[in-house]
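First comes the structure, then the notes that go with it.
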Amino acid sequence: AEWINYVNKRLREKTPVNIDIKKEINNRNLKVEIKLQYNTNAATGATHKYAIYIIEDGIVSTQYTQSGNNPNYVHNHALRYAFGLAMGNPLTQTTVPGRTYVKQFEYEMPADYVISNCHVVCVVLDSVTEEVINVREIDLK
């Protein structure tokens, strides 16, 4: 019951930062734009970092387990690519309510990626505590 109460409390909290993700795909070239907009409830002077990933579902490959190998295991949410640092890229300025950060990235997706199974994920983290502040995911379909 304690865990459920904690989760419900967290779900009622308002995030200090909204994440907007736009994508454009031309053949296998992916262009991504993220906007991090800090709300009026954002703590002034906090230091955050962001991480952007491409993940893919439906990758069939061998899974090694204690009971043997499963050659047809379906892997979902598999990390395929990280834009910049996988553990987070520092924002160059501290947070200020009302401030918007815009970041743009481009990536040529390899032929073995199934684009219709891929997603872009953006995570905003506290640089000190590593707490996830907000996360957003979009499909590349």
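If I filter the range 101-141 down to residues being part of a strand (DSSP E or B), touching a residue at least 12 places away in the same chain (Cβ under 8 Å) and among the β-branched types (Val, Ile, Thr), which single residue comes out as farthest from residue 14 (Cα to Cα)? Here the residue is 120. Per the listing 123, 132, the residue uniquely modelled with pLDDT of 95 or more and touching a strand residue (DSSP E or B) at 6+ places or on another chain (Cβ under 8 Å) is 123.
Within the range 7-16, is even one residue of a type outside the set (Lys, Arg) and touching a strand residue (DSSP E or B) at 6+ places or on another chain (Cβ under 8 Å)? Checked the range 7-16: at least one residue is of a type outside the set (Lys, Arg) and touching a strand residue (DSSP E or B) at 6+ places or on another chain (Cβ under 8 Å).
Cβ separations smaller than 6 Å between residues 6+ apart or across chains give the following pairs from the range 46-58 residues that are under 7 Å from residue 118 (Cα atoms) to residues that are open to solvent by 30 Å² or more (accessible area, probe 1.4 Å): 54/80; 54/81; 55/77; 55/79; 56/80; 56/117; 57/76; 57/117. Of all residues in the range 38-85, those that are open to solvent by 60 Å² or more (accessible area, probe 1.4 Å) and either part of a strand (DSSP E or B) or aromatic (Phe, Trp, Tyr) (or both) total 12.
Residues that are touching a Gly at 6+ places or on another chain (Cβ under 9 Å) and among the hydroxyl-bearing types (Ser, Thr, Tyr) within the range 11-56 comprise 38, 40, 50, listed in sequence order. In the range 95-131, of all residues being farther than 16 Å from residue 36 by Cβ and β-branched (Val, Ile, Thr), the one that is most open to solvent (accessible area, probe 1.4 Å) corresponds to 128. Scanning the range 16-32 for residues that are free of Cβ contacts under 8 Å to residues at least 60 places away in the same chain and more than 18 Å from the chain's Cα centre (by Cα) yields 26, 27. Would you please list the contacts, defined by Cβ atoms under 8 Å and residues six or more apart or on different chains, that run from a residue in the range 1-15 that is within 26 Å of residue 40 (Cα to Cα) and open to solvent by less than 100 Å² (accessible area, probe 1.4 Å) to a residue that is at pLDDT 85 or above and not small (Gly, Ala, Ser)? Close Cβ pairs satisfying both conditions: 15/39; 15/133; 15/134.
The values are calculated or read from the model by the stated rules, or taken from the named source; none is laboratory data. What you see is a predicted model, and the numbers here were worked out from it, not measured in a lab. Reconstructed Cβ throughout: ideal geometry from the backbone, glycine too, with neighbour counts over all protein chains shown. Each accessible area value is taken on the protein alone, full model and side chains, heavy atoms only, with ligands, DNA and RNA left out. Shrake-Rupley method; radii C 1.70, N 1.55, O 1.52, S 1.80 Å.
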